[in-house]
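Here the structure is laid out as structure tokens; the discussion comes afterwards.
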Amino acid sequence: MTKFWQCLHLICGKISVFYKGAKKTKSSGLNSSEYLAFSEFVLYKSANDNYSINSAEIIEVFYNLRIDIDKLSYATEVSKMVFDVTEENIPASDILQLFLNTLYVISETEKNLDLIFSIFQIRLLAILGFLPQIAKCTNCGEPMTEDMEKFYFSIKDDGVKCEPCSRIDKSIIELSKTTFSALIYALSCDSKKLYSFEIPNEAIDELKLLTKIYTTQKLDKEYVVKKY
Ligand SMILES: [Zn+2]
């Protein structure tokens, strides 16, 4: 069996692993395979290419997700999306980093959960290649400028439109300057600063509507957070 040992530290992607009973960690009493726990596993690969766990160590348990039903609901939806967009044995380190960052912010901060979920979705879509055009009108090329007060996002054409071009587009979602700035930031900032901004509730509602419709259109599936 020894010849099948492999170190998988460098593969940051999704893989299926055979699992015989939970391996408890003495210090925490939690299982390394606990739902929404971040653990490090040493695996071995059998002759028929199946992986099994040899040893495991919990790195982060995101404790507050286990005691707050609202936080858990949002984390569950985030987890479903990550599961759906990743494929077995394909490296996905950007998505893993975004996933862990998002779980951490949901668990350890009191930031607005709808805002976190919206930012997560738009950033995930960008990683997947669905980066909307936000610098200029997708129809005529008119650049967006700071003195504009309203912005028009076309779901159909994956980006913003100037006001005249927006009039004949039924898929337009109107955005305030604040929401549009938040969108630009979420798409372009350093990943470590992704959740470092706050916006008023009206802007959160706009961003939430935009990301919900854009995500549904791109992933062909609706992700709805359960409310309790
Ligand atoms: Zn235009």
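Values quoted throughout were computed directly from the atomic coordinates according to the rules given, and no laboratory measurement underlies them. Since we're looking at a predicted model, the values are computed, not measured. FYI the Cβ positions are ideal-geometry reconstructions off the backbone, even for glycines, and counts take in every protein chain you see.
Figures for the structure shown
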quantity: DSSP beta bridge pairing in the chain, given as percent antiparallel to the nearest 5; calculated: 85
quantity: Cα long-axis angle, helix 177-188 against the chain (0 to 90 degrees, to the nearest 10); calculated: 40
quantity: Nearest-0.05 FRET efficiency for LEU100 and VAL42, computed from C-beta distance (R0 22 Å); calculated: 0.65
quantity: Acute angle (nearest 10 degrees) that the helix 113-127 long axis makes with the longest principal axis of the chain, alpha-carbon atoms; calculated: 90
quantity: Residues whose placed amide H lies under 5 Å from that of GLN133, excluding near-sequence neighbours; calculated: GLY159, VAL160
quantity: Computed E for ASP169/PHE130 - FRET, C-beta separation, R0 25 angstrom, nearest 0.05; calculated: 0.85
quantity: Cβ-based exposure ranking for LEU115, LEU209, in which fewest neighbours within 10 Å come first; calculated: LEU209, LEU115
quantity: Ranked list, fewest to most other Cβ atoms within 10 Å of each Cβ, for LYS212, LYS193; calculated: LYS193, LYS212
quantity: With Cα atoms, 0 to 90° folded angle of helix 201-219 axis to the chain main axis; calculated: 70
quantity: Lys, Arg +1 and Asp, Glu -1 on Cβ, resulting dipole of the chain about Cα centre, debye, nearest 20; calculated: 840
quantity: Order of GLU146, GLU202 under a 10 Å beta carbon neighbour criterion, fewest first; calculated: GLU146, GLU202
quantity: Using a Förster distance of 35 Å, the FRET efficiency for GLU202-CYS140 (Cβ separation, nearest 0.05); calculated: 0.75
quantity: Among the listed pairs LYS80/LYS156; LYS111/LYS227; LYS14/LYS193, those beyond 22 Å (Cα-Cα); calculated: LYS80/LYS156; LYS14/LYS193
